[in-house]
Amino acid sequence: MKNILSSTLNTIKADMDTDISSPGRYRLLRRKIVSLMALVTLLPLLSLAGINYYEHQNTMTAEIQAPLRALVGKAKHSFELFLAERISAVSFIASAYSFNELSDDANLQRIFQVMRREFTGFVDLGLIDPTGRQITYSGPYDLVGRNYSEQAWFQQVQFKGTYVSDVFLGFRKFPHVVIAVRHTTESGQSWVLRATLDTMHFDRILAAMGLGPGSDAFLVNHHGVLQTESRRYGRVLDKLPFELPPTNFESNVQSVREPDGQNVFIATAFVADTDFALVAVKPKPTAFSTWYTVRIDLLFIFVSGVVIIFLAVYRVTSLLITRLQESDEQRLGAIHQMEHSQKLSSIGRLAAGVAHEINNPLAIINEKAGLMRDIMGLRPDFPEKEKFARQIEAILRSVDRCRGITHRMLGFAKRMDVKIEVLDLNAVLVETLGFLEREAEYRNVELVRELAPDLPNVPSDHGQIQQVFLNIMNNALAAVPDGGRIVLRTWDESENFVAISIQDNGCGMSDETAKNMFEPFFTTKKEKGTGLGMSITYGIVKRLGGEIKVMSKLNEGTTMTILLPKHSVEG
Amino acid sequence: MDMSTWKILLVDDEAEFINTLAERLDIRGISARVVYDGDAALKAVAEEVPQAMVLDVMMPGIKGLDVLQRVKEEHPEVQVILLTGQGKTRDGIEGMRYGAFAYLMKPLDLEELITTLGEAISATQGTPHA
């Protein structure tokens, strides 16, 4: 876990150190931070939910099993008591009366009547001599003279003294249990008293257990044969469809999977002095119905918690990443601007040096050429005078051209103090336009003014703003063909800025050109430009606290937009 | 205006430039003394006070602006035209404050120089001290 966390943290740190302009960096970073935070927050919740689930289920199981165990224990005692009372009654009669007394039909009838009155469930009573022959019988059948000597139960009663049979249907086709007791006198005479019990009373005891719907309780013998009717597994004497779980005389609850796949709790206990086991069955879905409801609630709370945590984590991370991105971009912008300023400053110093170094030899060339022209002018007979005059003029024109270049370079290097005054930008724009109107007229270029009449005055430097306008308008005029169109617009941009745009329908720029147009020495005018005009423009606008944007499409035109602050900026 | 009477001093360490300039002025009837550094300029002024001097700002030894200051201290009537290869930088503004008459940039336009010299000498002649 510690390793996973530290390795994830290390990857996040590595990602943060990567190039901030690389695409997908923030997406990847967001994904990793969300994963880590989700892992850190959801893991305890998951563990807690898991432990809670497990503990709750165990508690619920215990709470279900304990009452079932107690119920089976209680019902088992009821059975034992019921049978013990009846065995005692038969045993008492066998010992209280002599063989002769019991051999008398009238006596046996009377004793049976008393038994039935005192103990419910007896169906008949009969006396059997040691040879297995029924001597007397009181009950609904005529069983006198029947010989039981070959039957297993007679053998067992002879051996054990007391015997309780499995349930059987008998002649009357309803379930019975036989209780047989052997009595031996001091003189060695013995007889067997045999009574039949109706198992209806067993059903009453089972019904008194009060098991809920879907549950079941029944008696079953060692061979898995049902001794009472079962709601789930069939009628009396049907075979139980599964192996009875290990059972003893203490009631015990186990979890069993039925052949049809249903999971049930089965509580079992042997009934003393019989071959019976009491079985109670409770299906798990019924038993766990409360737990299932609680489980759904828990699941709902857990899922809601996960969703809320995840959303919160995602939201917070997104916010942080957005802030990080903005801060990176600002930092990058500041660095870029600083680099640009440093570049401009270095180039300015270089330009001044170069201009000075060039101007001195240029001045010599200028003077020498001028002197040559002077000398030639003084001598009317100078051979090939016109030819020489043309060469000298060419030299002087080149000197002029060089002078223009060095002057522009010095203009770039110039760092004049900014003189701030309140300006009507519309007026400055119209004034600047005056410089170009003649050329526009000559080339039939339409100059459209869409100037906001209520444009607020702004504090700025008149000369520098004019230079900015002039540079951009010059470029626009150079870009449009004869008969083209240049639109000048001004508007109130926002609370802090006014905007000026100069739009032309000229040749436009490629993306590459638009990207580099503010770089010093970048030019598309070949010999005509120094490549410093737009760089100076950019520097001035930035220094005045403004922004400059370019939108251009090749062969469709360019729109330059300048934003200038309405209020003075420091620095 | 009779240019032949003008007393001009030309000061620049670029000998080729300043000699040629002197020669061209001479062709136009303007005689001028030529020196090549600040010391020589101060010495020349001490020997004969010119009406106007054309002074390069960037020179080895005593700088043009120092020469200007010292000349103006002793001879405020001398009109000084500053020359530079660096355009209207702070030196130019400084020079104008010390009393320079004008500030011209190399390469020179000779006609502009002559016009400026004329104006400077007129200004000298107009000063009561002269």
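A compact table of results
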quantity	calculated
Residues A:Asn457 and A:Glu384, FRET efficiency given R0 of 41 Å [Cβ-Cβ distance, rounded to 0.05]	0.05
Whole-angstrom gap from segment A:432-496 to segment A:191-231, using each part's C-alpha centre	110
Relative contact order (%) - criterion: Cα under 8 Å, at least six apart; region: chain A	9
Fewest-first sequence of A:Val428, A:Val316, A:Val220, A:Val306 by Cβ atoms within 10 Å of each Cβ	A:Val316, A:Val306, A:Val428, A:Val220
FRET efficiency, 1/(1 + (r/R0)^6) with R0 25 Å, evaluated for A:Glu450 and A:Val550 via beta carbons	0.85
Gain upon complete extension [A:Arg235, A:Lys74; 0.36 nm per residue less C-alpha separation]	55.6 nm
Segment A:420-565 - Rg (one decimal) and Dmax (whole number), Cα, Å	14.5, 43
Three semi-axes of the equivalent ellipsoid, segment A:441-518, Cα gyration tensor, whole Å, largest first	24, 17, 13
25 °C / 0.890 mPa s Stokes-Einstein diffusion coefficient of segment A:210-277, Kirkwood radius on C-alpha pairs, µm²/s	197
A:His223 paired with B:Thr115, simple spin-label distance in nm, labels 7 Å along Cα-to-beta-carbon	14.3
Segment A:1-287 - Rg (one decimal) and Dmax (whole number), Cα, Å	32.8, 119
Convex hull of segment A:70-197 built on C-alpha atoms - directionally averaged projected area, nm²	8.4
Beta bridge orientation in the protein assembly as shown: antiparallel %, DSSP, nearest 5	75
Residues of segment A:184-216 with amide N under 19 Å of a point placed 7 Å along Cα→Cβ from A:Arg133	A:189-194
Point-to-point label distance, A:Leu42-A:Thr322, nm (Cα→Cβ direction, 7 Å offset)	2.3
Helix runs (DSSP H) in chain A reaching 18 Å along axis by Cα, Kyte-Doolittle at least -1.0	A:2-17, A:25-96, A:105-118, A:289-378, A:385-413, A:425-442, A:462-479
Relative exposure of A:Lys173, A:Lys284, judged by other C-beta atoms within 10 Å (fewest first)	A:Lys173, A:Lys284
Distance histogram in 20 Å bins (all Cα pairs of the protein assembly as shown, percent per bin)	12, 21, 16, 9, 9, 9, 11, 7, 4, 0
Exercise: per-residue mean of other protein chain Cβ atoms within 10 Å, A:374-383	1
Whether segment A:169-224 is rounded, prolate or oblate, judged on the alpha carbon gyration tensor where a/c under 1.5 counts as rounded	prolate
Zero-based 10 Å bins, Cα pair distances in chain B, whole percents	13, 51, 33, 3
Loop-resident sites, segment A:191-260, for GluC sites (Glu not before Pro), counting at most 10 other Cβ within 10 Å (DSSP)	A:Glu243
Segment A:420-565 - charge dipole about Cα centre, Lys and Arg +1 at Cβ, Asp and Glu -1, debye rounded to 20	500
Residue among A:Met209, A:Met534, A:Ile395 farthest towards the positive dipole end of chain A, charges placed on Cβ	A:Ile395
Segment A:Asp297-A:Ala478, extension gain: residue separation times 0.36 nm, minus the distance between their alpha carbons	57.6 nm
Cβ-placed point charges (K, R +1; D, E -1), dipole of the protein assembly as shown about Cα centre in debye, nearest 20	2620
Ranking of A:Ile309, A:Ile135, B:Ile18 by count of other Cβ atoms within 10 Å, fewest first	A:Ile309, A:Ile135, B:Ile18
Spin-label model distance (nm) - A:His567 vs A:Leu28, 7 Å beyond Cα toward Cβ	4.3
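Every number in this text was worked out from the coordinates using simple rules, so none of it is lab data. Because the structure is predicted, anything quoted here is derived from the model rather than measured. Cβ coordinates were reconstructed from backbone atoms using ideal geometry, including for glycine residues, and neighbour counts include every protein chain displayed.
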